[in-house]
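Here it is: the structure, laid out below.
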Amino acid sequence: MKIEFEVLKFIRKYNMYSEDDRVLLGVSGGRDSMVMLDIIHKLKNILKISIAVAHFNHSLRKNADNEEKFVENECRKRNIPFFSKKIDVLNYAKNNKIGIEEAARKLRYDFFNEIMDKKRYEKIAVAHYSKDLSETILYRLAKGTGIYGIAGMLPIYKNVTRPILILNFENLEKYVTINNVKYVIDESNYDTKYMRNKVRHEILPKFEEINIKYEESLFRFAEITWEYREYIESLFKERVIYKNNIYEVEIKNDFFDKEILRLVFLKSNIFPPSKEEIEKILSMKNSGKRKINKLNIEKKKDKLYITKELN
């Protein structure tokens with residue numbers, strides 16, 4: 001089957017786009033994003049969507065301006081609307097005392113959301129593929145995560161979609177060759193001072209020694225965790241009532257109590273506490289109270305009442 005139809009099947013499986021959706025593609029000019037651009041451009045009429053491209057210039061490399069121009073030219077060839085923004089990410093990271101990767105991601109998504117609001121686009125498409133997924137699984141395992149969080153790179157989450165997540169490295173290289181896709185090379189992708197690059201270039205090759213098709217194996221594992229996440233979300237709707245800034249959580253004294261409590265933290269945009277701390281909250285006596293990361297938690301019989309402090 002043609003690679004673009006593998007992508008089409010994947011998009012339909014996860015209901016990424018509805019008819020008449022306006023989709024903003026985040027395109028850096030690198031191989032992955034240019035493959036995504038080429039494929040989605042070919043599929044847009046079948047999907048009945050309209051597309052545009054957003055390019056964020058991080059000002060981190062001497063070729064950054066040339067890369068912006070490259071993406072703009074490729075969009076012009078395809079008659080695709082193009083938006084761009086240039087910010088000094090390094091300076092922003094220093095001023096805000098955060099890492100370059102964190103600063104780049106924040107500013108990039110701020111820009112995407114700005115264009116979506118102004119130009120009325122419903123969805124964002126980003127060009128993660130299955131090696132990115134493998135890298136994320138291992139990275140999160142090493143940093144510490146639960147089953148719910150391990151495959152956080154989802155096909156669709158809120159308004160962010162990943163239409164080429166189904167493709168592996170071999171697919172991408174084959175597509176580039178067959179379709180003569182032009183792209184630029186980002187040297188920073190090979191710099192192992194960035195932790196994710198370290199996983200990609202030093203850890204994943206070891207997995208390939210064990211199983212040359214490790215990407216497919218980890219993708220199948222990720223699909224299981226996506227189903228698990230859907231189940232937890234359904235339980236959350238059954239067991240949690242949210243009203244007037246208060247989460248009323250029903251405790252069932254089963255395994256899923258912990259997952260639902262973690263999800264309350266996530267939905268409050270607060271990183272969940274440790275497994276041990278979650279267990280302490282659930283084992284509180286009646287009328288027990290705790291305060292964790294701006295969440296006030298009170299237990300009354302078989303329910304938790306969780307309130308987020310307002311600024």
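The values are calculated or read from the model by the stated rules, or taken from the named source; none is laboratory data. The structure presented is a predicted model; accordingly, all values stated were derived computationally and were not measured. Counting neighbours? That spans all protein chains shown, and the Cβs are built from the backbone with ideal geometry, glycine included.
Counting only residues that are assigned to a helix (DSSP H, G or I) and at pLDDT 90 or above, which one in the stretch 271-294 is surrounded by the fewest Cβ atoms within 10 Å (Cβ to Cβ)?
Among residues in the stretch 271-294 that are assigned to a helix (DSSP H, G or I) and at pLDDT 90 or above, the one surrounded by the fewest Cβ atoms within 10 Å (Cβ to Cβ) is GLU276.
Another question about this same structure. Taking the condition of being of a type outside the set (A, V, I, L, M, F, W, C) and more than 20 Å from ILE115 (Cα to Cα), how many residues in the stretch 7-24 meet it? If you could, list the steps in order and put the result at the bottom.
Residues of the stretch 7-24 of a type outside the set (A, V, I, L, M, F, W, C): 9, 12-15, 17-22.
From the residues that got through so far, the ones that are more than 20 Å from ILE115 (Cα to Cα) too are 9, 12-15, 19.
Of the residues in that region, 6 qualify.
Separate question: Could you figure out which of (1) under 19 Å from LEU310 (Cα atoms); (2) surrounded by fewer than 14 Cβ atoms within 10 Å (Cβ to Cβ) isn't true of SER268?
(2)
Same structure again: Can you tell me which residue within the stretch 142-163, out of those that are closer than 18 Å to PHE236 by Cα and in contact with a Lys or Arg (Cβ under 9 Å, 6 or more places away or on another chain), is surrounded by the fewest Cβ atoms within 10 Å (Cβ to Cβ)? Don't jump to the end; show me each part of the working.
Narrowing the stretch 142-163 to residues closer than 18 Å to PHE236 by Cα: 146-149, 152, 157-158.
Remaining after also requiring in contact with a Lys or Arg (Cβ under 9 Å, 6 or more places away or on another chain): 146-149, 152.
On the way: GLY146: 15, ILE147: 12, TYR148: 20, GLY149: 17, GLY152: 16.
Among those residues, the one meeting the criterion is ILE147.
Among the residues in the stretch 60-70, are any over 24 Å from VAL176 (Cβ atoms), touching a residue at least 24 places away in the same chain (Cβ under 8 Å) and of a type in the set (Lys, Arg)?
no
All but one of (1) closer than 25 Å to ALA64 by Cα; (2) under 20 Å from the mean Cα position of the chain (by Cα); (3) at pLDDT below 95; (4) surrounded by 14 or more Cβ atoms within 10 Å (Cβ to Cβ) hold for VAL184, so report the exception by its number.
So VAL184 meets the others, but not (2).
I would also like to ask the following. Taking the stretch 30-66 on its own, how many of its residues are within 17 Å of ILE87 (Cα to Cα) and either at pLDDT 95 or above or among the hydrophobic types (A, V, I, L, M, F, W, C) (or both)? Working first, answer last.
Step one: filter the stretch 30-66 for residues within 17 Å of ILE87 (Cα to Cα), giving 54-66.
Pick out the ones that are also either at pLDDT 95 or above or among the hydrophobic types (A, V, I, L, M, F, W, C) (or both) and you get 54-56, 60, 64.
Looking only at that region, the number is 5.
So which residues in the stretch 1-22 are more than 16 Å from the chain's Cα centre (by Cα) and of a type in the set (A, V, I, L, M, F, W, C), if there are any at all?
Of everything in the stretch 1-22, those that are more than 16 Å from the chain's Cα centre (by Cα) and of a type in the set (A, V, I, L, M, F, W, C) turn out to be MET1, ILE3, PHE5, VAL7, LEU8, PHE10.
I need a count of the residues in the stretch 24-42 that are within 16 Å of PHE169 (Cα to Cα) and either in contact with a Cys (Cβ under 7 Å, 6 or more places away or on another chain) or of a type in the set (D, E, K, R) (or both).
Let us first name the residues in the stretch 24-42 that are within 16 Å of PHE169 (Cα to Cα), namely 30-36, 39.
Still in the running and either in contact with a Cys (Cβ under 7 Å, 6 or more places away or on another chain) or of a type in the set (D, E, K, R) (or both): 31-32.
So the count comes out to 2.
What about GLU19, is it farther than 16 Å from PHE111 by Cβ, part of a loop (DSSP other than H, G, I, E, B) and not aromatic (Phe, Trp, Tyr)? Full working, then the answer.
Details: farther than 16 Å from PHE111 by Cβ: yes; part of a loop (DSSP other than H, G, I, E, B): yes; not aromatic (Phe, Trp, Tyr): yes.
Against the criterion (farther than 16 Å from PHE111 by Cβ, part of a loop (DSSP other than H, G, I, E, B) and not aromatic (Phe, Trp, Tyr)), GLU19 qualifies.
Name the single residue that is surrounded by the most Cβ atoms within 10 Å (Cβ to Cβ) among those in the stretch 213-235 being among the β-branched types (Val, Ile, Thr) and more than 16 Å from ARG162 (Cβ to Cβ). Before you say what the answer is, go through the steps one by one.
Restricting attention to the stretch 213-235, the residues satisfying the condition of being among the β-branched types (Val, Ile, Thr) are 224-225, 232.
Keeping just the survivors that are more than 16 Å from ARG162 (Cβ to Cβ) gives 224, 232.
On the way: ILE224: 12, ILE232: 16.
Only one residue fits best here, namely ILE232.
Looking only at the stretch 300-311, how many residues end up being more than 18 Å from LYS252 (Cα to Cα) and not in a loop (DSSP other than H, G, I, E, B)? Can you show your working first?
Step one: of the stretch 300-311, the residues more than 18 Å from LYS252 (Cα to Cα) are 307-311.
Right, trim to not in a loop (DSSP other than H, G, I, E, B) and you get 307-308.
Residues flagged as more than 18 Å from LYS252 (Cα to Cα) and not in a loop (DSSP other than H, G, I, E, B) within the stretch 300-311 amount to 2.
Scan the stretch 284-311 residue by residue and report those that are without any contact (Cβ under 8 Å) to a residue 12 or more places away in the chain and of a type in the set (S, T, N, Q).
Going through the stretch 284-311, the residues without any contact (Cβ under 8 Å) to a residue 12 or more places away in the chain turn out to be 288-291, 298, 311.
Residue satisfying the conditions is ASN311 alone.
Does TYR109 qualify as being out of contact with any Cys (no Cβ under 8 Å at 6 or more places or on another chain), buried (at least 17 other Cβ atoms within 10 Å of the Cβ) and in the same structural domain as SER18 (by TED's automatic domain parsing)? Write out each step before concluding.
Values: out of contact with any Cys (no Cβ under 8 Å at 6 or more places or on another chain): yes; buried (at least 17 other Cβ atoms within 10 Å of the Cβ): no; in the same structural domain as SER18 (by TED's automatic domain parsing): yes.
So TYR109 does not fit the description; no.
Got a sec? Which of LEU261, LEU304 is in contact with an Asp or Glu (Cβ under 8 Å, 6 or more places away or on another chain) and within 18 Å of LEU235 (Cβ to Cβ)? Don't jump to the end; show me each part of the working.
Working: LEU261 fails: in contact with an Asp or Glu (Cβ under 8 Å, 6 or more places away or on another chain).
Unique residue meeting the criteria: LEU304.
Within the stretch 249-264, is even one residue surrounded by fewer than 16 Cβ atoms within 10 Å (Cβ to Cβ), modelled with pLDDT of 90 or more, in a strand (DSSP E or B) and more than 29 Å from the chain's Cα centre (by Cα)?
yes
What tally of residues in the stretch 150-188 results from selecting those that are touching a residue at least 12 places away in the same chain (Cβ under 8 Å) and either in a loop (DSSP other than H, G, I, E, B) or among the polar types (S, T, N, Q) (or both)?
Number satisfying all stated conditions: 24.
Let me ask something else. Out of ILE232, ILE297, ILE203, I need the residue that is outside the structural domain of LEU138 (by TED's automatic domain parsing), outside any loop (DSSP other than H, G, I, E, B) and closer than 29 Å to PHE10 by Cα. Which one?
Sole residue among the options that is outside the structural domain of LEU138 (by TED's automatic domain parsing), outside any loop (DSSP other than H, G, I, E, B) and closer than 29 Å to PHE10 by Cα: ILE232.
Please work out which residue is farthest from GLY29 (Cα to Cα), limiting yourself to the stretch 49-105 and to residues that are among the small types (Gly, Ala, Ser) and not in a loop (DSSP other than H, G, I, E, B). So that I can check it myself, show each step before the final result.
Within the stretch 49-105, the subset among the small types (Gly, Ala, Ser) is 50, 52, 54, 59, 64, 84, 93, 99, 103-104.
Still in the running and not in a loop (DSSP other than H, G, I, E, B): 50, 52, 54, 64, 84, 93, 103-104.
Details: SER50: 20, ALA52: 14, ALA54: 11, ALA64: 10, SER84: 12, ALA93: 23, ALA103: 20, ALA104: 16 Å.
Filtering the stretch 49-105 for residues that are among the small types (Gly, Ala, Ser) and not in a loop (DSSP other than H, G, I, E, B), the one farthest from GLY29 (Cα to Cα) comes out as ALA93.
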